[in-house]
Amino acid sequence: MKNANVIVVMGGNAAEAHPVGFRWALEAQKNNDAKIVVVDPRFTRTASIADVYAPIRSGTDITFLLGVILYLINNNKINAEYVKHYTNASLLVRDDFSFDDGLFSGFDAEARQYDKTSWNYQFDSEGVPLRDDTFTHPRCVWNLLKEHVSRYTPDVVENICGTPREDFLKVCEVLASTSAVDRTTSFLYALGWTHHTVGAQNIRSMAMIQLLLGNMGMPGGGVNALRGHSNVQGMTDIGPLATTLPGYLALPNEKHVDLQSYLDANTPKTVVPGQVNYWSNYPKFFVSLMKHLYGDAATRENQWGYDWLPKWDQPYDVLRYFDMMHRGKVNGYICQGFNPIASTPDKNKLVASLSKLKYMVVIDPLVTETSNFWQNHGEMNDVDSASIQTEVFRLPSTCFAEEDGCIVNSGRWMQWHWKGADAPGEARTDGQILAGLLHHLRELYRQEGGKGIEPLMNMSWHYDQFFHPSAEEVAKENNGYALADLYDDKGNLLRKKGELLDSFAQMRDDGTTSSGCWIYAGSWTENGNRMANRDNADPSGLGTTLGWGWAWPMNRRVLYNRASADPQGKPWDPERPLIEWNGQKWVGYDIPDFNNSPPEANVGPFIMQQEGLGRLFALNKLAEGPFPEHYEPYETPLGTNPLHPNVVSNPVVRIFEADAKRLGTHKDFPYVGTTYRLTEHFHTWTKHARLNAIAQPEQFVEISEGLAKAKGITTGDTVKVSNKRGFIRAKAVVTPRIRTLNVNGQQVETIGIPLHWGFEGRTQKGYLANTLTPGVGDANSQTPEFKAFLVNIEKA
Ligand SMILES: Nc1nc2c(c(=O)[nH]1)N[C@H]1C(S)=C(S)[C@@H](COP(=O)(O)OP(=O)(O)OC[C@H]3O[C@@H](n4cnc5c(=O)[nH]c(N)nc54)[C@H](O)[C@@H]3O)O[C@H]1N2
Ligand SMILES: Nc1nc2c(c(=O)[nH]1)N[C@H]1C(S)=C(S)[C@@H](COP(=O)(O)OP(=O)(O)OC[C@H]3O[C@@H](n4cnc5c(=O)[nH]c(N)nc54)[C@H](O)[C@@H]3O)O[C@H]1N2
Ligand SMILES: [Mo]
């Protein structure tokens with residue numbers, strides 16, 4: 001961040017939610033004269049130190065960002081060499097791909113899904129994509145992109161986003177200044193982009209801008225997802241998402257009937273001769289994972305235990321799971337480090353769902369609203385305790401300060417930390433609790449037998465202590481071991497049996513290596529725990545401190561760093577070289593993406609893609625289209641889409657019947673509700689801590705001066721905010737920081753709802769903000785639309 005010339009905080013409020021990391025943005029402002037730009041529906045704490053602030057209606061960032069792309073193209077503010085060599089701009093797209101009146105080709109209205117066959121390149125007879133480096137062919141990505149964004153003029157941006165035209169153009173101008181090869185923009189985003197039914201496409205729109213400006217892979221460039229919890233990056237890496245395994249490998253689905261069909265589906269073939277393609281190693285990563293999971297029980301004969309993995313028919317994400325619970329299809333629920341009635345949409349539906357369980361196990365250091373969902377707290381939790389039969393078990397756990405371990409930050413650095421104190425009372429670590437559950441369940445199955453128990457019985461267990469896997473042991477397992485002596489092609493011994501691996505390049509698909517998470521290979525080798533490295537030497541001054549912690553993969557600090565140099569291997573910015581080709585090899589201040597490939601080999605820098613190129617056209621990767629398109633929030637204050645009234649919201653969003661019934665329209669609920677954080681609290685935990693409770697004691701909502709006047713509300717009044725799903729009561733804060741926006745001929749009001757209060761803890765009791773939010777999510781990730789939904793407000 002500190003290397004950037006422009007920092008755009010859009011879809012996040014970094015000064016508030018990432019106050020420590022945000023200091024690097026301030027360093028850039030101070031040392032590089034960097035401009036900080038904030039685009040947010042609210043004038044935030046980040047906006048208060050920004051050089052440029054532009055208001056925007058929540059849920060309309062795609063319009064804004066495609067408007068930026070149109071500006072960059074029309075004003076020729078792109079890094080043309082970068083776009084030509086490193087993106088798919090020149091590749092030709094199939095003739096049957098089209099976009100018309102809000103829909104891409106292949107839409108199946110009944111299934112509400114796309115047949116994505118036409119979202120692909122044209123190939124020659126060898127299977128290589130056709131390209132036109134002159135950019136004149138009408139089917140090349142560049143011309144299709146130009147046509148697609150041509151609708152997003154400044155007038156359209158103003159009309160849909162409510163952003164005044166001059167504010168929008170100011171942002172465009174600042175961004176465009178970084179199309180110069182020696183200038184970069186860094187985008188910082190978080191939930192303002194993800195918490196929408198078009199969340200993934202919000203982020204993609206920004207990634208496209210970064211490709212056009214030539215900012216990906218550059219120091220001071222990139223797409224900086226500011227992660228939420230410490231340690232949410234690590235959690236994502238080790239695979240708790242509904243359809244992933246550790247290291248972003250795919251959890252098999254029903255179509256993958258055996259190991260071979262699974263590997264075939266997940267091992268992409270290179271389409272450009274000579275292209276480096278990391279996913280071609282997929283079978284090595286996967287078989288090593290299976291050896292980690294099942295140890296000696298995983299053999300070639302039983303496909304390394306492939307049949308023991310669950311095969312999904314549909315993703316069991318949190319929205320689906322709670323809906324199943326609501327329909328009485330779930331008996332028991334283990335809730336570990338999660339306070340769902342506070343943090344998932346539609347609290348009242350959720351309480352009804354938990355009430356249908358036979359039992360629930362809560363593993364948490366604190367009392368949570370979820371663990372006490374069965375208690376009556378008046379309007380805040382209006383339940384009839386006597387009628388709830390769910391048996392609740394509370395297992396007190398430690399928290400991060402009470403155990404050793406590793407935390408992965410937003411820059412993928414794995415940093416080891418050491419226990420600060422013993423946990424109070426009966427608390428045990430999560431590992432101890434899970435080990436206990438595993439061993440006791442196994443014992444019961446051993447005594448009583450049962451169906452389908454192989455996954456549980458075959459899971460490998462070789463920790464020193466039966467009931468306590470240590471953090472060191474788990475970390476080493478994640479790194480991976482040699483299970484036999486390993487030799488390279490020339491017969492040299494690489495690793496002796498039992499030794500830790502140095503890198504994922506040593507992994508095998510023949511059962512002779514084990515690794516719990518291939519991207520972590522190299523983090524704990526025979527030379528020691530590299531996550532514990534604490535050498536902050538920074539020879540380049542760019543902050544690539546290779547001796548501090550360890551970054552996955554391979555200790556690389558900037559992903560796709562090949563793109564920081566031009567096609568000849570010379571850094572785009574000679575003043576700030578990251579890596580460079582010296583005639584023999586890549587040298588510099590970061591671990592190069594690929595070691596020995598000379599520039600002449602023309603290996604594309606985006607080595608996780610089959611064609612090695614950054615994708616302006618996303619092929620079939622996303623659910624709703626290969627280009628982003630503006631769709632209204634699922635609950636829209638306009639009731640229409642100004643661009644295409646026939647397709648108002650994301651057409652491929654999944655929504656369950658029970659949730660659809662609980663949606664409202666702008667006629668009954670005219671205002672946009674949006675939820676967010678305050679520095680003084682962390683979610684719903686810090687309200688248990690006295691100092692935080694003093695700093696922010698009482699629940700409030702923020703409204704504009706215009707709305708306050710219209711409703712006769714003044715600061716300090718108690719207001720009721722409501723919709724079909726429920727209501728909350730809170731103190732009103734009337735503030736010019738929230739503006740009334742002029743959108744499509746109407747005035748749109750935003751009601752800001754901080755999310756930290758609940759009926760447990762030492763703050764004053766409050767209503768859970770998620771009483772109001774709808775059970776609908778992004779069509780790719782199912783991340784709920786917490787940031788744009790409809791409510792009403794009245795003085796209470
Ligand atoms: N003190 C503190 N810090 C935290 C947390 C905490 O609870 N307390 N939580 C952590 C977690 S888990 C996370 S994920 C991160 C989240 O970090 P952030 O995403 O920064 O946090 P939020 O406050 O939820 O939302 C950010 C901003 O998005 C804006 N916004 C809403 N809708 C839109 C939109 O459509 N477009 C644009 N451009 N902006 C929009 C909101 O007005 C808000 O200012 O914070 C982490 N840091
Ligand atoms: N309306 C609305 N809803 C939101 C959001 C929003 O912006 N708006 N943000 C969303 C986001 S980004 C997130 S990340 C979620 C967070 O949602 P949750 O993960 O449910 O919330 P937290 O309160 O951060 O953490 C849950 C529990 O973990 C416990 N815990 C802490 N350390 C440990 C540990 O070491 N072991 C165990 N077992 N437990 C531990 C805490 O005490 C806490 O009770 O909320 C989401 N919900
Ligand atoms: Mo988060």
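The values are calculated or read from the model by the stated rules, or taken from the named source; none is laboratory data. Source: prediction; values computed, not measured. So basically every Cβ, Gly included, is an ideal-geometry build from the backbone, and we count neighbours across all protein chains shown. Just the protein is used for accessible areas: all its heavy atoms, side chains included, with ligands, DNA and RNA removed. Shrake-Rupley method; radii C 1.70, N 1.55, O 1.52, S 1.80 Å.
Quick one: grab Rg to one decimal and Dmax as a whole number for the chain, Cα atoms only, in Å.
Both quantities, over Cα of the chain: 26.6, 82 Å.
Listed here are the pairs K116/K146; K720/K765; K687/K709; K255/K451; which of them are more than 25 Å apart at the Cα?
Details: K116/K146 21 Å; K720/K765 15 Å; K687/K709 32 Å; K255/K451 23 Å.
Table pairs above 25 Å Cα-Cα are K687/K709.
Please report the equivalent ellipsoid semi-axes of the stretch 6-225, computed as sqrt(5 x eigenvalue) of the Cα gyration tensor, largest first, in whole Å.
Working: eigenvalues 196, 86, 49 Å².
Listed largest to smallest, the semi-axes of the stretch 6-225 are 31, 21, 16 Å.
Just to be sure I understand the model, the point goes 7 Å from the Cα along the line to the Cβ. What's the resulting S230 to R112 distance in nm?
Inter-label distance under the simple model: 4.1 nm.
Taking the highest mean first, how do the peptides 375-384, 428-437 order by number of other beta carbon atoms within 10 angstrom per residue?
On the way: 375-384: 14.2, 428-437: 18.0.
Packing proxy ranking, top to bottom: 428-437, 375-384.
For the stretch 6-225, with the dipole built from +1 on Lys and Arg beta-carbon atoms and -1 on Asp and Glu ones, taken about the Cα centre, which of V6, I203, P138 lies farthest toward the positive end?
V6
Given charges of +1 on the Cβ of Lys and Arg and -1 on the Cβ of Asp and Glu, with all other atoms neutral, how large is the dipole of the chain about its Cα centre, in debye to the nearest 20? Before the final figure, lay out each step's value.
Numbers: 77 positive and 90 negative charges, 290 e Å.
Dipole magnitude for the chain comes out near 1400 debye.
How many Å² of accessible area per residue for the stretch 236-344, probe 1.4 Å? Walk me through the numbers before you get to the answer.
Values: 4900 Å² over 109 residues.
Heavy-atom SASA per residue in the stretch 236-344 reads 45 Å².
So if I place +1 on the C-beta of Lys and Arg and -1 on the C-beta of Asp and Glu, and nothing else carries charge, what would the dipole magnitude of the stretch 57-109 be about its Cα centre? I want it in debye, nearest 20.
Values: 4 positive and 7 negative charges, 75 e Å.
Computed about the Cα centre, the dipole is about 360 debye.
Using helices alone, what [θ] at 222 nm do you get for the chain, with -39,500 (n - 2.57) per DSSP H run of 4 or more residues, divided over all residues and rounded to the nearest 500? Walk me through the numbers before you get to the answer.
Working: 21 runs with 179 residues, N = 796.
So the calculated ellipticity at 222 nm is -6000 deg cm²/dmol.
I need to check one value: relative contact order of the chain, counting alpha carbon pairs closer than 8 Å and at least 6 residues apart, in percent. Don't skip to the end; give the middle numbers.
Working: 1707 pairs, mean separation 124.2, N = 796.
After rounding, I find 16 percent.
For the stretch 710-725, what does the Karplus curve 6.51 cos²θ - 1.76 cosθ + 1.60, with θ = phi - 60°, yield as ³J(HN,Hα) per residue in whole Hz, taken in order and with x for Gly and Pro?
Those phi angles translate into 4, 9, x, 9, 10, 3, x, 5, 8, 10, 10, 10, 9, 7, 5, 8 Hz.
Give me P(r) over the stretch 657-795, computed from all C-alpha to C-alpha distances, binned every 5 Å, as integer percentages.
2, 10, 19, 22, 19, 15, 9, 3, 1, 0
Would you mind checking which residues have amide H under 5 Å from Y333's amide H? H placed 1.01 Å from N; only 5 or more apart, or other chain.
The answer is Y359, M360, V361.
Determine, from the Cβ-Cβ distance of E147 and T679 and an R0 of 25 Å, the FRET efficiency 1/(1 + (r/R0)^6), rounded to the nearest 0.05.
Values: r = 44 Å, r/R0 = 1.76.
For R0 = 25 Å, the calculated efficiency reads 0.05.
Using the heavy atoms of the protein chains alone and a 1.4 angstrom probe, what is the accessible area of the stretch 657-795 per residue in square angstrom? Don't skip to the answer; put the middle values down first.
Values: 5500 Å² over 139 residues.
Using a 1.4 Å probe on heavy atoms only, each residue of the stretch 657-795 averages 40 Å².
Whose amide H sits under 5 Å from the amide H of S230, counting only residues 5 or more places off or on another chain, with H placed in the peptide plane?
Close amide H contacts, sequence-distant or interchain: none at all.
Starting from the Cα-Cα distance between S460 and E443, subtract it from 0.36 nm times their residue separation and give me the gain in nm to one decimal.
Numbers: separation 17, 0.36 × 17 = 6.12 nm, distance 1.50 nm.
Full extension of this stretch gives 4.6 nm more.
Can you give the FRET efficiency to the nearest 0.05 for F467 and F400, using r as the Cβ-Cβ distance and R₀ = 22 Å?
Values: r = 21 Å, r/R0 = 0.94.
Efficiency for this residue pair is about 0.60.
Of N75, Y248, I36, which is farthest towards the positive pole of the chain's charge dipole, taken about the Cα centre with +1 and -1 on the beta-carbons of Lys, Arg and Asp, Glu respectively?
Of the candidates, I36 comes out farthest on the positive side.
Please list the equivalent ellipsoid semi-axes of the stretch 188-297, computed as the square roots of five times the alpha-carbon gyration tensor eigenvalues, in descending order and whole angstrom.
Values: eigenvalues 178, 81, 41 Å².
Output for the stretch 188-297: semi-axes of 30, 20, 14 Å.
Per 0.36 nm of contour for each residue apart, how much would the distance between A658 and S177 grow if the chain were fully extended, relative to their Cα-Cα spacing?
On the way: separation 481, 0.36 × 481 = 173.16 nm, distance 4.88 nm.
In short, 168.3 nm is gained.
Mind giving me the nanometre distance, one decimal, between the label points for N302 and N744, set 7 Å out from Cα along Cα→Cβ?
Placing both labels 7 Å beyond Cα along the Cβ direction yields 5.7 nm.
Using Cα centres only, tell me the gap between the stretch 79-149 and the stretch 735-796 in whole Å.
If you average the Cα positions of each part, the centres end up 38 Å apart.
In Å and from the alpha-carbon atoms only, list the Rg and Dmax of the stretch 296-379.
Cα radius of gyration and Dmax of the stretch 296-379 are 16.9, 60 Å respectively.
Between S186 and residues 5 or more places away or on another chain, which pairs have amide H atoms under 5 Å apart, with H built 1.01 Å from N, and which residues are they?
Amide H to amide H, under 5 Å and 5 or more residues apart or across chains, S186 pairs with N5, V6, I7, V8.
Quick one: pull the percent of accessible area on the stretch 583-707 belonging to carbon and sulfur, 1.4 Å probe, ligands and nucleic acids left out. Mind showing how you got there, number by number?
Values: 2500 of 4920 Å².
Answer for the stretch 583-707: carbon and sulfur cover 51 percent of the accessible area.
Hey, could you get me the Stokes-Einstein D for the stretch 68-186, Kirkwood radius over alpha-carbon pairs, 20 °C and 1.002 mPa s, rounded to whole µm² s⁻¹?
Details: Rh = 16.5 Å.
Result for D is 130 µm²/s.
May I ask you to list the aspartates and glutamates whose Cα is less than 13 Å away from that of K711, ignoring any residue fewer than eight positions away on the same chain?
E749, E794
Largest first and in whole Å, give the semi-axes of the stretch 132-215's equivalent ellipsoid, each being the square root of 5 times a Cα gyration tensor eigenvalue. Intermediate values should be presented prior to the final figure.
On the way: eigenvalues 100, 62, 51 Å².
Whole-Å semi-axes of the equivalent ellipsoid: 22, 18, 16.
What is the magnitude of the charge dipole of the stretch 236-307 about its Cα centre, with +1 placed on the Cβ of each Lys and Arg, -1 on the Cβ of each Asp and Glu, and no other charges, expressed in debye to the nearest 20? Don't skip to the answer; put the middle values down first.
Numbers: 5 positive and 7 negative charges, 50 e Å.
With only Lys, Arg, Asp and Glu charged at Cβ, the dipole is about 240 debye.
Modelling each spin label as a point 7 Å along the Cα-to-Cβ direction, I'd like the K358/E81 distance in nm, to one decimal.
Distance between label points: 6.8 nm.
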